[in-house]
1. On the principal axes of its Cα set, how long, how wide and how thick is segment 177-302? Give whole Å, largest value first.
2. Per residue, what accessible area does segment 215-335 have, given a 1.4 Å probe and all protein chains present, in Å²?
3. What's the extension gain from residue 456 to residue 208 if we count 0.36 nm per residue and subtract their Cα-Cα distance?
4. Could you pull the Cα extents of segment 336-474 along its three principal axes, largest to smallest, in whole Å?
5. Could you sort 252, 388 by their accessible area in this structure, using a 1.4 Å probe and putting the largest first?
6. Could you give the spread of the C-alpha atoms of segment 291-344 along their three principal axes, from largest to smallest, in whole angstroms?
7. State whether segment 417-462 is rounded, prolate or oblate according to the following rule on the C-alpha gyration tensor (a ≥ b ≥ c being the square roots of its eigenvalues): a/c under 1.5 gives rounded; otherwise a/b larger than b/c gives prolate, and the remaining case gives oblate.
8. Simple spin-label model, 7 Å along Cα-to-Cβ: residue 162 to residue 275 in nm?
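The values are calculated or read from the model by the stated rules, or taken from the named source; none is laboratory data. Bear in mind that the values here come from a model prediction, so they are computed numbers and not experimental data. Cβ placement follows ideal geometry from the backbone for every residue including glycine, while neighbour counts extend to all protein chains displayed. Surface areas here come from the heavy atoms of the whole protein model, side chains and all, with no ligands, DNA or RNA. Shrake-Rupley method; radii C 1.70, N 1.55, O 1.52, S 1.80 Å.
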Amino acid sequence: MALSLIFLLVFALSLCSFFTSIEGRFHGLTKQKYLHIVSKISLPPSPVPALAPVPAPAPQAASPSYIASSPSPEPSSVRVFDVLSFGAVGDGASDDTQAFKMAWDAACQTEFSVLLAPVGYSFMILPTIFTGPCKNGLVFQIDGTILPPDGPESWPTKTSKRQWLVFYRINEMSMQGGGVIDGKGEKWWNLPCKPHKGTHGTSLGPCDSPVAIRFFMSSNLRVQGLRVKNSPQFHFRFDNCQNVHVEMLSIIAPASSPNTDGIHIESTNNVQIYNSIVSNGDDCISIGAGCYNVKIRNITCGPSHGISIGSLGVHNTRACVSNITVTDSVIKNSDNGVRIKTWQGGYGCVSKVTFNNIHMDTVRNPIIIDQFYCLSKNCTNQTTAVYISDISYTNIKGTYDVRSPPLHLACSDSVPCSNLILSDIELLPAKGQFMADPFCWNAFGATQTVTIPPVLCLSEGIPRFVDQTMVDQC
(Lines give C-alpha, C1' and ligand atoms only; values in the text may rest on other atoms or scores of the structure.)
Protein backbone atom coordinates (compact mmCIF):
# COMPACT_ATOMS: atom_id res chain seq x y z
CA MET A 1 0.00 0.00 0.00
CA ALA A 2 2.82 2.34 0.95
CA LEU A 3 4.57 1.45 -2.29
CA SER A 4 1.43 2.40 -4.29
CA LEU A 5 1.20 5.77 -2.55
CA ILE A 6 4.84 6.50 -3.34
CA PHE A 7 4.27 5.57 -7.01
CA LEU A 8 1.23 7.86 -7.27
CA LEU A 9 3.14 10.77 -5.69
CA VAL A 10 6.04 10.41 -8.16
CA PHE A 11 3.58 10.26 -11.10
CA ALA A 12 1.79 13.45 -9.98
CA LEU A 13 5.05 15.37 -9.64
CA SER A 14 6.14 14.30 -13.15
CA LEU A 15 2.83 15.38 -14.63
CA CYS A 16 3.07 18.79 -12.94
CA SER A 17 6.59 19.27 -14.29
CA PHE A 18 5.43 18.37 -17.81
CA PHE A 19 2.66 21.00 -17.86
CA THR A 20 4.99 23.64 -16.43
CA SER A 21 7.43 22.96 -19.28
CA ILE A 22 4.63 23.18 -21.85
CA GLU A 23 3.39 26.48 -20.39
CA GLY A 24 6.92 27.92 -20.47
CA ARG A 25 7.38 26.96 -24.12
CA PHE A 26 3.96 28.41 -25.04
CA HIS A 27 4.76 31.72 -23.30
CA GLY A 28 8.09 31.91 -25.10
CA LEU A 29 6.48 31.31 -28.49
CA THR A 30 3.78 33.89 -27.80
CA LYS A 31 6.35 36.53 -26.95
CA GLN A 32 8.38 35.82 -30.09
CA LYS A 33 5.29 36.03 -32.29
CA TYR A 34 4.42 39.46 -30.81
CA LEU A 35 7.89 40.85 -31.48
CA HIS A 36 7.77 39.57 -35.04
CA ILE A 37 4.78 41.85 -35.72
CA VAL A 38 7.19 44.76 -36.22
CA SER A 39 8.57 43.20 -39.39
CA LYS A 40 5.06 42.92 -40.85
CA ILE A 41 4.21 46.59 -40.40
CA SER A 42 4.60 47.43 -44.09
CA LEU A 43 1.79 45.09 -45.12
CA PRO A 44 -1.37 46.79 -46.45
CA PRO A 45 -4.10 47.40 -43.87
CA SER A 46 -7.18 45.24 -43.73
CA PRO A 47 -9.66 45.83 -45.15
CA VAL A 48 -8.26 47.45 -48.30
CA PRO A 49 -10.16 49.18 -51.11
CA ALA A 50 -11.87 46.97 -53.66
CA LEU A 51 -8.87 47.07 -55.98
CA ALA A 52 -6.41 44.42 -57.00
CA PRO A 53 -3.99 44.09 -54.08
CA VAL A 54 -0.37 44.99 -54.72
CA PRO A 55 2.32 43.08 -52.82
CA ALA A 56 3.97 45.12 -50.11
CA PRO A 57 7.58 46.19 -50.70
CA ALA A 58 10.32 43.96 -49.38
CA PRO A 59 11.00 44.60 -45.70
CA GLN A 60 14.43 46.09 -46.35
CA ALA A 61 13.02 48.61 -48.85
CA ALA A 62 10.65 50.40 -46.51
CA SER A 63 12.16 52.94 -44.15
CA PRO A 64 11.55 52.09 -40.50
CA SER A 65 11.92 55.72 -39.44
CA TYR A 66 8.22 56.12 -38.83
CA ILE A 67 8.55 53.61 -36.02
CA ALA A 68 11.58 55.25 -34.45
CA SER A 69 10.59 58.91 -34.53
CA SER A 70 6.81 59.01 -34.38
CA PRO A 71 4.76 58.48 -31.19
CA SER A 72 5.37 55.05 -29.71
CA PRO A 73 2.24 52.92 -29.69
CA GLU A 74 2.40 49.17 -29.41
CA PRO A 75 3.77 47.76 -32.70
CA SER A 76 0.57 45.87 -33.44
CA SER A 77 -1.48 49.09 -33.20
CA VAL A 78 0.32 50.89 -36.08
CA ARG A 79 -1.53 50.58 -39.38
CA VAL A 80 0.13 51.33 -42.70
CA PHE A 81 -1.87 52.62 -45.67
CA ASP A 82 0.33 52.02 -48.71
CA VAL A 83 -0.81 54.16 -51.64
CA LEU A 84 -0.14 51.23 -53.99
CA SER A 85 -2.97 49.40 -52.26
CA PHE A 86 -5.29 52.27 -53.16
CA GLY A 87 -4.51 52.14 -56.88
CA ALA A 88 -1.38 54.31 -57.23
CA VAL A 89 0.76 53.36 -60.23
CA GLY A 90 3.99 55.14 -59.33
CA ASP A 91 5.44 55.42 -62.84
CA GLY A 92 5.97 59.20 -62.64
CA ALA A 93 3.43 59.92 -65.40
CA SER A 94 0.10 58.43 -64.28
CA ASP A 95 -2.15 60.56 -62.10
CA ASP A 96 -1.91 59.12 -58.58
CA THR A 97 -3.85 61.92 -56.90
CA GLN A 98 -6.97 59.90 -56.13
CA ALA A 99 -4.95 57.07 -54.56
CA PHE A 100 -3.25 59.54 -52.22
CA LYS A 101 -6.59 61.12 -51.32
CA MET A 102 -8.12 57.74 -50.49
CA ALA A 103 -5.08 56.68 -48.48
CA TRP A 104 -5.19 60.03 -46.66
CA ASP A 105 -8.86 59.65 -45.77
CA ALA A 106 -8.22 56.18 -44.37
CA ALA A 107 -5.07 57.12 -42.44
CA CYS A 108 -6.55 60.36 -41.14
CA GLN A 109 -9.40 58.49 -39.48
CA THR A 110 -7.09 55.95 -37.80
CA GLU A 111 -4.94 56.51 -34.72
CA PHE A 112 -1.21 55.85 -35.11
CA SER A 113 -1.37 55.39 -38.86
CA VAL A 114 1.18 55.68 -41.64
CA LEU A 115 0.42 56.87 -45.17
CA LEU A 116 3.23 55.26 -47.13
CA ALA A 117 4.64 56.32 -50.50
CA PRO A 118 7.05 53.40 -50.90
CA VAL A 119 10.59 53.39 -52.21
CA GLY A 120 11.21 52.59 -55.87
CA TYR A 121 8.19 54.49 -57.22
CA SER A 122 7.57 58.02 -58.54
CA PHE A 123 4.12 59.42 -57.86
CA MET A 124 2.64 62.31 -59.83
CA ILE A 125 0.10 64.25 -57.76
CA LEU A 126 -2.09 67.13 -58.95
CA PRO A 127 -2.60 70.18 -56.69
CA THR A 128 -4.30 68.80 -53.59
CA ILE A 129 -5.45 69.94 -50.16
CA PHE A 130 -5.11 67.31 -47.43
CA THR A 131 -7.61 68.35 -44.78
CA GLY A 132 -7.85 67.56 -41.08
CA PRO A 133 -8.49 67.26 -38.28
CA CYS A 134 -7.07 63.76 -38.08
CA LYS A 135 -6.59 61.20 -35.32
CA ASN A 136 -3.37 61.37 -33.31
CA GLY A 137 -0.09 59.93 -34.48
CA LEU A 138 -0.41 60.39 -38.25
CA VAL A 139 2.78 59.86 -40.28
CA PHE A 140 3.12 60.85 -43.95
CA GLN A 141 6.01 58.58 -44.94
CA ILE A 142 7.73 59.48 -48.22
CA ASP A 143 10.28 56.86 -49.23
CA GLY A 144 9.72 57.15 -52.98
CA THR A 145 9.55 60.29 -55.14
CA ILE A 146 6.62 62.71 -55.33
CA LEU A 147 6.18 64.94 -58.40
CA PRO A 148 3.76 67.67 -59.55
CA PRO A 149 2.49 68.13 -63.12
CA ASP A 150 5.30 69.08 -65.46
CA GLY A 151 5.19 72.88 -65.66
CA PRO A 152 2.54 75.59 -66.15
CA GLU A 153 1.06 74.11 -69.33
CA SER A 154 0.34 70.81 -67.55
CA TRP A 155 -1.22 72.50 -64.52
CA PRO A 156 -4.97 71.85 -64.21
CA THR A 157 -7.11 74.70 -65.47
CA LYS A 158 -9.27 76.53 -62.91
CA THR A 159 -6.83 75.45 -60.21
CA SER A 160 -4.70 77.86 -58.20
CA LYS A 161 -1.13 78.14 -59.41
CA ARG A 162 0.02 79.38 -56.02
CA GLN A 163 0.25 76.05 -54.21
CA TRP A 164 0.76 72.38 -54.88
CA LEU A 165 0.34 70.24 -51.74
CA VAL A 166 -1.48 71.88 -48.83
CA PHE A 167 -2.02 70.43 -45.34
CA TYR A 168 -4.89 72.24 -43.64
CA ARG A 169 -5.97 72.07 -39.99
CA ILE A 170 -3.69 69.19 -39.10
CA ASN A 171 -2.68 68.48 -35.52
CA GLU A 172 0.17 66.13 -34.57
CA MET A 173 1.53 64.90 -37.89
CA SER A 174 4.99 63.84 -39.04
CA MET A 175 6.12 64.17 -42.65
CA GLN A 176 9.28 62.18 -43.06
CA GLY A 177 11.22 59.51 -44.90
CA GLY A 178 14.21 58.93 -47.11
CA GLY A 179 12.48 59.93 -50.33
CA VAL A 180 12.40 62.97 -52.61
CA ILE A 181 9.91 65.76 -53.24
CA ASP A 182 10.80 67.07 -56.70
CA GLY A 183 9.02 70.33 -57.56
CA LYS A 184 10.09 70.28 -61.24
CA GLY A 185 10.35 74.05 -61.16
CA GLU A 186 12.48 74.82 -64.21
CA LYS A 187 9.60 75.59 -66.58
CA TRP A 188 8.11 77.92 -63.96
CA TRP A 189 11.41 79.75 -63.42
CA ASN A 190 11.72 80.38 -67.16
CA LEU A 191 8.33 82.06 -67.62
CA PRO A 192 8.82 85.40 -69.37
CA CYS A 193 7.02 87.18 -66.51
CA LYS A 194 9.76 86.30 -64.02
CA PRO A 195 11.85 89.32 -62.91
CA HIS A 196 15.14 87.83 -64.05
CA LYS A 197 13.69 87.41 -67.55
CA GLY A 198 12.59 91.06 -67.87
CA THR A 199 14.68 94.07 -68.87
CA HIS A 200 16.90 95.23 -66.00
CA GLY A 201 15.12 92.90 -63.58
CA THR A 202 11.62 94.16 -64.33
CA SER A 203 8.63 91.83 -64.41
CA LEU A 204 6.16 91.66 -67.28
CA GLY A 205 3.17 91.17 -65.00
CA PRO A 206 1.63 88.82 -62.43
CA CYS A 207 3.46 85.54 -62.35
CA ASP A 208 2.02 82.98 -59.95
CA SER A 209 4.06 79.88 -59.20
CA PRO A 210 3.19 77.17 -56.69
CA VAL A 211 4.67 76.66 -53.24
CA ALA A 212 5.63 73.00 -53.05
CA ILE A 213 4.51 72.11 -49.50
CA ARG A 214 2.30 74.40 -47.43
CA PHE A 215 1.02 73.84 -43.89
CA PHE A 216 -1.86 76.12 -42.96
CA MET A 217 -3.53 76.55 -39.55
CA SER A 218 -1.85 73.41 -38.22
CA SER A 219 -0.02 72.48 -35.02
CA ASN A 220 2.41 69.99 -33.51
CA LEU A 221 4.10 69.26 -36.81
CA ARG A 222 7.34 67.43 -37.50
CA VAL A 223 9.10 67.44 -40.88
CA GLN A 224 12.35 65.51 -41.14
CA GLY A 225 14.75 63.50 -43.24
CA LEU A 226 13.46 64.44 -46.69
CA ARG A 227 15.23 65.66 -49.80
CA VAL A 228 13.31 68.47 -51.47
CA LYS A 229 14.43 70.07 -54.70
CA ASN A 230 13.54 72.50 -57.47
CA SER A 231 10.30 73.94 -56.17
CA PRO A 232 8.63 76.43 -58.55
CA GLN A 233 8.52 78.87 -55.61
CA PHE A 234 9.00 78.36 -51.83
CA HIS A 235 9.88 74.78 -50.93
CA PHE A 236 8.11 74.81 -47.54
CA ARG A 237 5.71 77.39 -46.14
CA PHE A 238 4.09 77.42 -42.69
CA ASP A 239 1.18 79.85 -42.22
CA ASN A 240 -0.66 80.33 -38.90
CA CYS A 241 0.96 77.26 -37.39
CA GLN A 242 2.38 76.49 -33.97
CA ASN A 243 4.78 73.96 -32.48
CA VAL A 244 6.74 73.11 -35.63
CA HIS A 245 9.91 71.00 -35.64
CA VAL A 246 11.96 70.76 -38.84
CA GLU A 247 15.13 68.68 -38.93
CA MET A 248 17.59 66.95 -41.26
CA LEU A 249 16.22 68.34 -44.51
CA SER A 250 18.15 68.77 -47.73
CA ILE A 251 16.66 71.56 -49.87
CA ILE A 252 18.33 72.17 -53.22
CA ALA A 253 17.59 74.48 -56.18
CA PRO A 254 19.85 76.41 -58.58
CA ALA A 255 21.24 79.73 -57.38
CA SER A 256 19.47 81.40 -60.33
CA SER A 257 16.01 80.03 -59.47
CA PRO A 258 13.74 82.94 -58.44
CA ASN A 259 11.80 83.06 -55.14
CA THR A 260 12.73 79.53 -54.16
CA ASP A 261 13.01 80.16 -50.40
CA GLY A 262 13.87 76.97 -48.54
CA ILE A 263 11.57 77.41 -45.52
CA HIS A 264 9.25 80.37 -45.00
CA ILE A 265 7.21 80.93 -41.84
CA GLU A 266 4.44 83.48 -41.38
CA SER A 267 2.28 84.07 -38.27
CA THR A 268 3.85 80.92 -36.86
CA ASN A 269 5.32 80.43 -33.39
CA ASN A 270 7.31 77.93 -31.35
CA VAL A 271 9.41 76.78 -34.28
CA GLN A 272 12.61 74.72 -34.34
CA ILE A 273 14.63 74.37 -37.54
CA TYR A 274 17.72 72.21 -36.98
CA ASN A 275 20.51 70.33 -38.76
CA SER A 276 19.60 71.02 -42.38
CA ILE A 277 21.23 71.98 -45.67
CA VAL A 278 19.70 74.60 -47.95
CA SER A 279 21.05 75.81 -51.28
CA ASN A 280 18.71 77.81 -53.51
CA GLY A 281 17.93 81.04 -55.35
CA ASP A 282 16.48 83.04 -52.44
CA ASP A 283 16.50 82.99 -48.64
CA CYS A 284 17.46 79.71 -47.02
CA ILE A 285 15.04 80.55 -44.23
CA SER A 286 12.72 83.57 -44.18
CA ILE A 287 10.72 84.74 -41.19
CA GLY A 288 7.61 86.80 -41.87
CA ALA A 289 5.28 88.90 -39.75
CA GLY A 290 3.65 87.44 -36.65
CA CYS A 291 6.42 84.98 -35.79
CA TYR A 292 7.93 84.53 -32.35
CA ASN A 293 9.86 81.91 -30.38
CA VAL A 294 11.87 80.63 -33.35
CA LYS A 295 15.11 78.66 -32.93
CA ILE A 296 17.36 77.98 -35.92
CA ARG A 297 20.47 75.87 -35.35
CA ASN A 298 23.15 74.08 -37.37
CA ILE A 299 22.05 75.20 -40.82
CA THR A 300 24.38 75.07 -43.81
CA CYS A 301 23.10 77.80 -46.10
CA GLY A 302 24.25 78.72 -49.58
CA PRO A 303 24.54 79.62 -52.30
CA SER A 304 21.46 81.67 -51.41
CA HIS A 305 20.25 85.02 -50.15
CA GLY A 306 21.01 84.09 -46.54
CA ILE A 307 18.80 83.81 -43.45
CA SER A 308 16.30 86.67 -43.30
CA ILE A 309 13.73 88.29 -41.07
CA GLY A 310 11.36 89.91 -43.54
CA SER A 311 10.54 91.48 -45.67
CA LEU A 312 8.17 93.23 -43.24
CA GLY A 313 5.72 96.14 -43.48
CA VAL A 314 4.88 95.90 -47.17
CA HIS A 315 1.88 98.05 -48.22
CA ASN A 316 1.96 99.91 -44.88
CA THR A 317 1.15 96.80 -42.85
CA ARG A 318 1.91 96.02 -39.21
CA ALA A 319 4.60 93.42 -38.49
CA CYS A 320 5.67 91.99 -35.14
CA VAL A 321 8.56 89.53 -34.79
CA SER A 322 10.33 88.59 -31.53
CA ASN A 323 12.43 85.99 -29.73
CA ILE A 324 14.37 84.72 -32.74
CA THR A 325 17.66 82.81 -32.35
CA VAL A 326 19.98 81.78 -35.19
CA THR A 327 23.06 79.89 -34.00
CA ASP A 328 25.83 77.44 -34.90
CA SER A 329 25.41 77.83 -38.66
CA VAL A 330 27.40 78.35 -41.87
CA ILE A 331 26.48 80.74 -44.68
CA LYS A 332 28.55 80.51 -47.86
CA ASN A 333 28.70 82.09 -51.31
CA SER A 334 25.52 84.05 -50.65
CA ASP A 335 24.19 87.53 -51.44
CA ASN A 336 23.45 88.13 -47.75
CA GLY A 337 24.32 86.60 -44.42
CA VAL A 338 21.95 87.37 -41.56
CA ARG A 339 19.47 90.01 -42.68
CA ILE A 340 16.56 92.07 -41.37
CA LYS A 341 14.63 93.76 -44.19
CA THR A 342 11.63 96.08 -43.93
CA TRP A 343 9.66 98.30 -46.28
CA GLN A 344 9.18 101.99 -45.64
CA GLY A 345 5.70 102.86 -44.42
CA GLY A 346 5.16 99.76 -42.33
CA TYR A 347 4.90 99.70 -38.56
CA GLY A 348 5.37 97.24 -35.72
CA CYS A 349 8.52 95.91 -34.11
CA VAL A 350 11.38 93.43 -34.50
CA SER A 351 12.97 92.71 -31.12
CA LYS A 352 14.95 90.20 -29.07
CA VAL A 353 16.86 88.65 -31.96
CA THR A 354 20.15 86.78 -31.49
CA PHE A 355 22.60 85.82 -34.24
CA ASN A 356 25.33 83.73 -32.61
CA ASN A 357 28.31 81.60 -33.72
CA ILE A 358 27.86 81.95 -37.47
CA HIS A 359 30.62 81.37 -39.99
CA MET A 360 30.60 83.40 -43.21
CA ASP A 361 32.35 82.16 -46.34
CA THR A 362 32.54 84.70 -49.20
CA VAL A 363 29.26 86.41 -48.35
CA ARG A 364 28.06 89.82 -49.53
CA ASN A 365 26.54 91.79 -46.66
CA PRO A 366 27.30 89.26 -43.89
CA ILE A 367 25.44 91.46 -41.40
CA ILE A 368 22.70 93.62 -42.87
CA ILE A 369 19.73 95.67 -41.72
CA ASP A 370 17.87 97.20 -44.66
CA GLN A 371 14.93 99.42 -43.75
CA PHE A 372 14.71 100.78 -47.29
CA TYR A 373 13.89 97.45 -48.91
CA CYS A 374 12.36 97.93 -52.35
CA LEU A 375 12.00 95.70 -55.41
CA SER A 376 11.97 98.59 -57.88
CA LYS A 377 13.31 102.10 -58.18
CA ASN A 378 9.87 103.66 -57.62
CA CYS A 379 9.57 103.34 -53.83
CA THR A 380 8.88 106.71 -52.21
CA ASN A 381 10.23 107.84 -48.85
CA GLN A 382 7.76 107.42 -45.99
CA THR A 383 7.84 108.52 -42.38
CA THR A 384 6.75 105.34 -40.59
CA ALA A 385 8.79 102.18 -40.22
CA VAL A 386 9.02 98.91 -38.33
CA TYR A 387 10.97 99.57 -35.12
CA ILE A 388 14.10 97.39 -34.76
CA SER A 389 15.59 96.95 -31.28
CA ASP A 390 17.52 94.54 -29.06
CA ILE A 391 19.45 92.74 -31.80
CA SER A 392 22.57 90.79 -30.78
CA TYR A 393 25.39 89.76 -33.14
CA THR A 394 27.92 87.50 -31.40
CA ASN A 395 30.86 85.44 -32.70
CA ILE A 396 30.26 86.07 -36.39
CA LYS A 397 33.46 85.37 -38.29
CA GLY A 398 34.69 84.55 -41.78
CA THR A 399 35.08 86.29 -45.12
CA TYR A 400 32.98 88.74 -47.08
CA ASP A 401 32.61 89.43 -50.79
CA VAL A 402 34.38 92.76 -51.36
CA ARG A 403 31.57 94.05 -53.60
CA SER A 404 29.67 95.03 -50.43
CA PRO A 405 30.70 96.18 -46.94
CA PRO A 406 30.93 93.57 -44.20
CA LEU A 407 28.28 95.35 -42.13
CA HIS A 408 25.39 97.36 -43.56
CA LEU A 409 23.11 98.86 -40.91
CA ALA A 410 20.66 101.11 -42.78
CA CYS A 411 17.91 102.11 -40.36
CA SER A 412 14.87 104.30 -40.91
CA ASP A 413 15.25 108.09 -40.99
CA SER A 414 12.34 108.57 -38.58
CA VAL A 415 12.51 105.38 -36.47
CA PRO A 416 16.16 104.58 -35.68
CA CYS A 417 17.36 101.10 -34.72
CA SER A 418 18.26 100.82 -31.05
CA ASN A 419 20.34 98.54 -28.84
CA LEU A 420 22.27 96.77 -31.60
CA ILE A 421 24.95 94.79 -29.74
CA LEU A 422 28.11 93.56 -31.51
CA SER A 423 30.60 91.13 -29.95
CA ASP A 424 33.41 88.99 -31.36
CA ILE A 425 32.92 90.09 -34.96
CA GLU A 426 35.77 89.21 -37.33
CA LEU A 427 35.05 89.63 -41.04
CA LEU A 428 37.90 89.74 -43.53
CA PRO A 429 37.86 90.28 -47.30
CA ALA A 430 37.66 87.06 -49.33
CA LYS A 431 40.05 88.59 -51.89
CA GLY A 432 42.77 91.19 -51.49
CA GLN A 433 43.96 93.07 -48.44
CA PHE A 434 41.70 96.13 -48.52
CA MET A 435 39.33 96.24 -45.56
CA ALA A 436 36.04 97.99 -46.36
CA ASP A 437 34.42 100.21 -43.74
CA PRO A 438 31.06 99.21 -42.27
CA PHE A 439 28.07 101.34 -43.22
CA CYS A 440 25.66 102.69 -40.59
CA TRP A 441 22.66 104.99 -40.89
CA ASN A 442 20.64 106.00 -37.84
CA ALA A 443 21.83 102.85 -36.04
CA PHE A 444 22.30 102.96 -32.25
CA GLY A 445 24.02 100.37 -30.11
CA ALA A 446 27.40 99.26 -28.75
CA THR A 447 30.38 97.04 -29.47
CA GLN A 448 31.27 94.87 -26.47
CA THR A 449 34.63 93.68 -27.85
CA VAL A 450 37.11 94.80 -30.47
CA THR A 451 35.59 94.09 -33.90
CA ILE A 452 37.25 93.50 -37.25
CA PRO A 453 36.69 95.77 -39.01
CA PRO A 454 36.03 98.43 -36.36
CA VAL A 455 32.39 99.56 -36.34
CA LEU A 456 33.02 103.22 -35.62
CA CYS A 457 29.84 104.35 -37.37
CA LEU A 458 27.50 102.89 -34.73
CA SER A 459 25.91 105.64 -32.64
CA GLU A 460 26.00 105.31 -28.86
CA GLY A 461 23.16 105.79 -26.43
CA ILE A 462 19.41 105.81 -26.87
CA PRO A 463 17.96 107.45 -29.99
CA ARG A 464 15.59 110.38 -29.84
CA PHE A 465 12.58 109.69 -32.01
CA VAL A 466 11.12 112.35 -34.26
CA ASP A 467 7.64 111.24 -33.15
CA GLN A 468 7.18 108.75 -30.32
CA THR A 469 3.80 107.71 -31.72
CA MET A 470 5.61 106.19 -34.70
CA VAL A 471 7.14 103.50 -32.46
CA ASP A 472 4.94 100.44 -32.11
CA GLN A 473 6.30 98.05 -29.46
CA CYS A 474 3.90 95.26 -30.47
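1. Principal-axis extents of segment 177-302 (Cα, largest first): 42, 31, 21 Å.
2. Values: 3890 Å² over 121 residues.
It amounts to 32 Å² per residue over segment 215-335.
3. Numbers: separation 248, 0.36 × 248 = 89.28 nm, distance 4.43 nm.
Full extension of this stretch gives 84.8 nm more.
4. Rounded to whole Å, the extents work out to 45, 34, 21 Å.
5. Values: 252 75, 388 0 Å².
I get 252, 388, largest accessible area first.
6. 33, 24, 9
7. Values: a/c = 3.18, a/b = 1.87, b/c = 1.70.
Prolate, since a/c reaches 1.5 and a/b exceeds b/c.
8. 3.6 nm
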